[in-house]
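Below: the structure, in structure tokens.
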Amino acid sequence: MGAQKGPANEESAAGTVMLEGNALLERARSLSNRPEDQIARACGYVGPSGRVLKKSFYRALVAAKGYTLPSGASAGHGGGGKGRQAEFRTRVHGNGNLLIGQAYTRRMGLEPGQEFRIEIHKETGSIWLLPLDGGEGEGHGHR
């Protein structure tokens, strides 16, 4: 009776079976006193790097309960399935690097290989990136 529907019990990149349907619900219930990461891992939702695939796990749980969610292709503009959205925030990483992600460079129309001069304005706490594409002389604003 507990037969699976759809792409039942797919194998994760880590080689373990990603439970679905009743098997997923039963395993999750039996581990309900454990942290969510442990439950997802025990149900096979682990990526190739060993990272827990929480979104896939939660989607499978919702589907196992009988609800259907829009797929990434048909999600439209409601925010579902569009991946990470630009937040206009970043933080300095542990190694001291400051990353400006692809969402921002794409929005600005920047291309790989394009070069910039960095201008630091301590008085305002600002960092400016000034394009070095021939139009602006490099001698401008040197300190």
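Selection over the stretch 103-143 of residues that are in a loop (DSSP other than H, G, I, E, B), modelled with pLDDT of 90 or more and among the basic types (Lys, Arg) gives a count of 1.
Whenever a residue of the stretch 121-143 is within 20 Å of Thr105 (Cα to Cα), its partners that are at pLDDT 50 or above and part of a loop (DSSP other than H, G, I, E, B), lying with C-beta atoms within less than 8 angstrom and at least six residues away or across chains, give the pairs Pro131/Gln114; Pro131/Glu115; Leu132/Glu115; Asp133/Gln114; Asp133/Glu115.
Candidates are the residues of the stretch 59-98 that are among the hydrophobic types (A, V, I, L, M, F, W, C) and modelled with pLDDT of 85 or more; the one that is nearest to Ile118 (Cα to Cα) is Leu98.
Residue-by-condition table, conditions (1) modelled with pLDDT under 85; (2) closer than 30 Å to Gly125 by Cα; (3) aromatic (Phe, Trp, Tyr); (4) outside any loop (DSSP other than H, G, I, E, B):
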{"site": "Lys5", "(1), (2), (3), (4)": "yes, no, no, no"}
{"site": "Glu26", "(1), (2), (3), (4)": "no, no, no, yes"}
{"site": "Arg29", "(1), (2), (3), (4)": "no, no, no, yes"}
{"site": "Ser32", "(1), (2), (3), (4)": "no, no, no, no"}
{"site": "Arg41", "(1), (2), (3), (4)": "no, no, no, yes"}
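The values are calculated or read from the model by the stated rules, or taken from the named source; none is laboratory data. A quick note: this is a predicted structure, and the numbers were derived from the prediction, not measured. Using ideal geometry, Cβ is built from the backbone for each residue, glycine included, and neighbour counts are taken over all protein chains shown.
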